[in-house]
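For reference, the structure discussed in these notes is given below.
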């Protein structure tokens, strides 16, 4: 039958349908403000508000020792935080992607 979906690709008619396929999977989320998240996607809505569990937040901080010099790998520090559960407001979300395991 042509009407019944036979694969996940057949059920993706809108962009958020791809996010639905990631429910209960580990995802990578890029946020505004040089922040990244990696965690298990528990819930989402049409505004891209997310609920992540077992989450690791990575924040990239530029060291301001030399204001005239452009940012380089030497003066960028990373801060990591482990969080059990996190609500992410959708207006800060830039990208949602399946996480690469390993």
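Only the coordinates and a few stated rules stand behind these numbers; no lab work does. Keep in mind that this is a model prediction, so the values were computed, not measured. Ideal geometry is used to build each Cβ from the backbone, glycine not excepted, and the neighbour counts take in all protein chains shown.
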Find the relative contact order for segment 15-97 and round it to a whole percent, using C-alpha pairs within less than 8 Å whose residues are 6+ positions apart.
33
Multiply the residue separation of residue 43 and residue 61 by 0.36 nm, subtract the distance between their alpha-carbon atoms, and state the gained length in nm to one decimal.
3.6 nm
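Can you tell me which of 81-89, 30-38 comes out highest on packing, and rank the rest after it, using the mean Cβ neighbours within 10 Å?
Answer by packing, highest mean first, reads 30-38, 81-89.
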